[in-house]
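Read-outs: derived from the displayed coordinates by stated rules, not from any lab. None of these values were measured; they are calculated from a predicted model. Every residue, glycine as well, gets a Cβ built from its backbone with ideal geometry; the counts of neighbours run over all protein chains shown.
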Amino acid sequence: MVADLFDLSDKVALVTGGSRGLGYQMVRAFAEHGADVVIASRKLDNCERVAKEMRGMGRRAMAVQVHAAHWDSIDRMIELVYAEFGRVDILVNNAGMSPPMPSHEVTEALFDSVVGLNFKGPFRLASQIARRMRDGKGGVIINVSSSGALMPLPNVVPYGSAKAALNAMTRSLAAEYGPSVRVNTLSPGPFLTDIAKAWAPEARERSDNALGRPGRPEEIVTAALFLASPASSFTTGALVRVDGGLKIGQ
């Protein structure tokens, strides 16, 4: 019965930023539990590689190139996905990044880029998919945020602020499109994804959290499956932290 709670058979999952890092781990986990998958990012070759891997597992898989900050690109992706699958049951707004920089050096172009990728784009995608889900048989939206939205971090102020807006968006969309559409936030802490290659060796071994270490990419999987599946049928508008127990607010 527990296994049935995580059964995603006959579901269609769309993951932005799904070709690497935490997004890839979620794509693979959804496919392993029966879902067909759409892998979307700016680099189509990487998406095609992951799609081929998922097809090897017996799933339908679609690779889509998208600029997750641009509404016209997002709208084109939505049309392509619905033309192929007819629906989206699970949406993961995972694309996002920001180069560290002192706030007084942030240009208007960089500010717009960071806010676009981490809030403006996800708002467009989530709102358009949520409307289609509500008009259909419902669905689940997971907005991937960051611990940077919950604790003061220097040099990434636009990023943390955009992710805080994403957190607020989750609660509002859950209220607007419920009860047939559930919307939740997944808030990761430090994870050993591609970005960790630029960290100091000590940062890759230790972290200032309760577990004393950064997360391994595969450790995002159970939280993502919980939020994507019937296991979380009474959970919406929530923020689920997967950060090893970061000392938020200190």
(message) Using 0.36 nm times the number of residues separating Asp208 and Ser172, minus their current alpha carbon distance, what extension gain do you get?
(response) 9.8 nm
(request) Grab the DSSP H runs of the chain that are 4 residues or longer, score each as -39,500 (n - 2.57), total them, divide by all residues and round the 222 nm result to the nearest 500 deg cm²/dmol. (result) -12000 deg cm²/dmol
(request) Please report, to two decimal places, log10 I(q)/I(0) for the chain at q = 0.10, 0.13, 0.16 Å⁻¹ as given by the Debye formula with identical point scatterers on the Cα atoms and no solvent. (result) -0.45, -0.77, -1.21
(request) Report the FRET efficiency, 1/(1 + (r/R0)^6), for Leu80 and Lys247, where r is their Cβ-Cβ distance and R0 is 35 Å, rounded to 0.05. (result) 0.20
(message) Between Glu32 and Ala109, what's the calculated FRET efficiency when r is the beta-carbon distance and R0 is 35 Å? Round to 0.05.
(response) 0.30
(message) Given a 10 angstrom Cα cut-off, can you work out which residue in Ile90, Ile220, Ile39 is the most mobile in a GNM of the chain?
(response) Ile220
